[in-house]
Structure formats: C-alpha cells, structure tokens
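Structure record follows, encoded as structure tokens.
What follows draws every value from the coordinates through simple rules; no lab data is involved. Values in this document were obtained by computation on a predicted structure and should not be read as measured data. All Cβ positions, even for glycine, are placed from backbone atoms using ideal geometry, and neighbour counts span all protein chains on display.
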Amino acid sequence: MTAKLIEKFVKLRSRQTGPRYLVSLDIGTEFVKALIGEVVVDPASGAPSRVEILGVGRQRQRLTDMAGGAVTDITGVVENCDAALKMAEKMAGVVAKDVVIGIAGELVKGASTIVRYKRATPSDPIDMAELRKILDRVQYRAFERAREQLTWETGYKELEVKLVNTAIVDVQIDGYRVTNPIGFQGKDVSIQLFNAFAPMVHLGALQSVAQDLDLNLVNIAAEPFAVAKSVGGQDSGEFSAIFIDIGGGTTDIALVNNGGVEGTKMFAIGGRAFTKRIAQVANTSFEKAEEMKIAYSAGKLGPKSTKVVEEAVNADIQVWLSGVELSLAEFDRVDHLPAKILLCGGGTGLPQIMDALKGRTWYKNLAFARKPVVNHISPSEVSRVIDKTGKLTSFADITPMGLANLGLDQVGGETATDSLARKLARAISA
C-alpha cells in the first residue's frame, strides 16, 4: 500500500464524528485481523450493552514482521494493520478511531495473587481507603513476581514491565463471598486479584503502531485474558474452563475457575511451527507448506499430500502437547482443573490438535478429576458481540471478538467490580 493511501485513511480516522465506534485489532504472528463495531447503548441504563460488528478486515503478515507474538518490524506491522483497517472500513462504511489491541507472547505473564489479613476493627465497614491499601499490596506482590520470572527467563535484570489487565477474582469476608467488599464488616478478609504484565518493549511497539495509525488506544489486552473474559457466561460465578488459543506464533492458555480468571500461560509453539515442519518434510517453500496445511485442515488435500502433512504434524504434536501439560501443571493452586477445554485460533483447525487433547493418557498426571471434554468455541458464544457482517464464522475469529468485548468496558457499562479494579489499577500504576 502506498504512503499516500495510508495517510488518507489515517486522516479520515482522526476526523471521526457521530455514533461511537470501536476497533478491535488482533495483531497476530500470521495475520492482522481488524473488526469495526458500533457501540450500542442500553436506553434504560445509558450504558453500552453490546458492540455490533459492521466491518471485518484481514491481512497476512510477512515472516519478518512478527516473531512469537511480538512485533519485530513496526513499519511492516503498521502497513498490514492499515490494510486490514481499510478493508474493515470499506465494509462498515464508517471510519473508527478508538481501538483495543491484543498482546500475546511468552513474556506476557498473567497470574492471580491472594492476600489474607485480619482487620483490627471488624465492626467498622470496609471503605475505599482500606481496600486500596490491601490491593496495593496485592499489585506490588504480583509485580515483583512477574519481574522476577521475566528476569529469570530473559537474563535481563532491569527489564521494565507494566500492568496491562487486572480483575478481581474473589473476595471473601469471614468465609462469605462478596463481589464488592465496600461497606461490609468482618474480621478475616481474603482478596484474590488477577494481573497480567508485559515488558515495556512489547507495549511500546503496540503503542507506536496505534500512534502511527492515529488511533486512540483505549486498551492493550492480554489476548488469553480477553478470550477467557468474553466466553462462557463467567458472570454467573460458576463457570470453569481451560481456554487454549493457538495462533501463528504462540499457544495461549487461560484458566477460568468459578467465574474468575485464575491465570494465563503462553509458550512459543503455534501454527507457524507446524508449517515449517511441513515445508521441511515436503521439501517445499513456507508459503506452499502453509497452503497445504490450510487445505489439509479443511479436508481438501489429495491422498499423497495428506500423508506428507500428517507425517510432518505428527512429528511435532507431542512436543506441543508437552507444552500444554507443563503449562497446566503450573496452575498448582487449584484443587482440580476444569474438565472442559475450549479451543480457538487458526492453529486449532489441525485435526491432530483435537485428537491429542482427546487422547486417553496425557491428562492423567495433572489435577483433572475426570477426562476433559474438548470443543471449539463458536463465534455465537462470545458475549456482547453481534456479527452483522456474516463474516465471523470460524474459531479463528474468537480472539478479535474477545478483544471487542473487553474494549466495550472501556467506553462504559462496567460492573462495579471491574470499575473498582480499573480505578485501583490506574492509581497504582500512576
């Protein structure tokens, strides 16, 4: 795309007026996916209730643009994002400015932290000042843990990290579970908070992308967190599941336990790794191998080529499954892992992924009470996101839809708990 065309659409975005629109930008290793949706307000409450998708855009990335879910060429990614946005804008017939962008990769760390304490004056109601002090301790403890883990993994002692997502998972007062502790009395308080952190170098790259496109960046969200928060009706407080999202560069895992995100894990094996193996076994180019993989997943490949792809994928599937096992084993604070596994992302289209997870033995060394049931997520299951285009039909579309759902909270309509967590996050990170 020429610089003049990019400049033209950037200028249009900067002049957005009228109804509120939201852009969801999933900058994946293999593809950039852009959604444009109109924010619909509930007339009774005046708060945003859903986002209706009016435009969809998709642009393939070059091999040098991304690596393992992280941006490696800002200029190249900007061009791809602009191309995807242009497609979405043309379909929607509108130009949007507010954007939520997903972040993934091995160095994005998400985990829940619990603080328990005894109140000196149980008869006094809990107020914001007291809660702020306690959650400040939770955030600091989580921040130090994330820094230590990233320092150990990267070898950089002064690695800068920043909070990207936070949510209250659980609050109990004298053993009684509450959604918002303000105003309650009691002695024994337990607060569990989910936090996701990412290195500043990754966040800075995404901020630069948004700035170059002249988009108003309302949120950068950890992608497994966005997916886990948007599917399954977690507000009921009873929903539990393991989410596995296989993109081009990474596999992202999120654990939801009793309606709260317990934690997220990521490892650097995705669809691109399988494509490289196919290219090696078939002695062909990466581009041709990618075509073969897609055709194989759709059941449209000839018998001879099918055998080649099966041989290649089978060579790496156990390595991938070992990554899943190691990731799930790190959720050692839950008594039992949920017996429900939900899949999304283009990489989950490979039949071997489903076959491996439905295998008879891999889960037995983990904290499963029974054999897990495995299913793909349908776009219709994503909360508060309505597709008006008819183009969002695949499990590969779940992540950008999840980002749109999460972005809706940024323009209003939050629950009391989410609003409280967001205010505290701002105060703590300020």
Counting other beta carbons within 10 Å of each residue's own, what order do Asp387, Asp26, Asp42 fall into, fewest first? Asp42, Asp387, Asp26
Quick one: if the Förster radius is 35 Å, what FRET efficiency do Val373 and Asp316 give, using the C-beta to C-beta distance and rounding to 0.05? 0.90
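How big is the equivalent ellipsoid of the range 149-221 along its three axes, where each semi-axis is √(5λ) from the Cα gyration tensor, reported in whole Å from largest to smallest?
On the way: eigenvalues 244, 72, 10 Å².
Values for the range 149-221, descending: 35, 19, 7 Å.
Given a cut-off of 28 Å, what percent of all Cα-Cα pairs of the chain lie beyond it? Intermediate results must be reported in sequence, preceding the final value.
Working: 46122 of 92235 pairs.
Result for the distance tail: 50 percent.
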Restricting things to alpha carbons, tell me how big the range 49-132 is in terms of Rg and Dmax, in Å. 21.9, 62
Suppose each label sits 7 Å from its Cα in the direction of the beta carbon; what would the Ser49-Lys162 distance come out to in nanometres? 3.5 nm
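For Ile74 and Ala120, compute 0.36 nm times the residue count separating them, minus their Cα-Cα distance, and round to one decimal in nm. The partial results should precede the final answer.
Working: separation 46, 0.36 × 46 = 16.56 nm, distance 5.25 nm.
Contour length minus the Cα-Cα distance gives 11.3 nm.
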Could you check which residue among Ala67, Ala298, Ala356 shows the biggest mean-square fluctuation in a GNM of the chain with a 10 Å Cα cutoff? Ala298
Averaging sequence separations of C-alpha pairs under 8 Å and six or more residues apart, then dividing by the length of the range 266-376, give the relative contact order as a whole percent. 28 percent
Note down, for the range 89-223, the three equivalent ellipsoid semi-axes (square root of 5 times each alpha carbon gyration tensor eigenvalue), biggest first, whole angstrom. 35, 21, 11
Going by how many other beta carbons lie within 10 Å of each one, how would you line up Met292, Met87, Met266, Met200, fewest first? Met200, Met87, Met292, Met266
With springs only between Cα atoms under 10 Å, which of Val178, Val382, Val313 fluctuates most in a Gaussian network model of the chain? Val178
In nm, to one decimal, how far is the Glu291 label point from the Ser383 one, both placed 7 Å along Cα→Cβ? 4.3 nm
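Among Lys162/Lys187; Lys162/Lys265; Lys157/Lys276; Lys157/Lys265; Lys109/Lys157, which pairs are too far apart, with a Cα-Cα distance over 28 Å? Kindly include the intermediate steps, with their values, before the conclusion.
On the way: Lys162/Lys187 33 Å; Lys162/Lys265 17 Å; Lys157/Lys276 33 Å; Lys157/Lys265 22 Å; Lys109/Lys157 17 Å.
Where the Cα-Cα span goes over 28 Å, the pairs concerned are Lys162/Lys187; Lys157/Lys276.
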Just name one of Ala367, Thr179, Ser112: the one whose Cα is farthest towards the positive end of the charge dipole of the chain (beta-carbon charges, Lys/Arg +1, Asp/Glu -1). Ala367
Just how large is the dipole of the range 266-376 about the Cα centre, in debye to the nearest 20, putting +1 at every Lys and Arg Cβ and -1 at every Asp and Glu Cβ? 300 debye
Rounded to a whole number, what is D in µm²/s for the range 141-299 from Stokes-Einstein with the Kirkwood radius over alpha-carbon pairs (4 °C, 1.567 mPa s)? 69 µm²/s
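Can you tell me, using C-alpha contacts under 8 Å and at least 6 residues apart, the relative contact order of the chain as a whole percent? Present the calculation step by step, with values, prior to reporting the outcome.
On the way: 895 pairs, mean separation 82.5, N = 430.
It rounds to 19 percent for the chain.
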Quick check of the Kirkwood formula: for the range 266-376, what is the inverse mean of 1/r over all pairs of different Cα atoms, in Å? 15.0 Å
Per the helix-only model, the chain has a calculated mean residue ellipticity at 222 nm (DSSP H runs of ≥4, -39500 (n - 2.57) each, divided over all residues, rounded to the nearest 500) of -12000 deg cm²/dmol
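Just for the chain, what percent of DSSP beta bridges are antiparallel, to the closest 5?
Working: 60 of 82 bridges.
So the antiparallel bridges amount to about 75 percent of the total.
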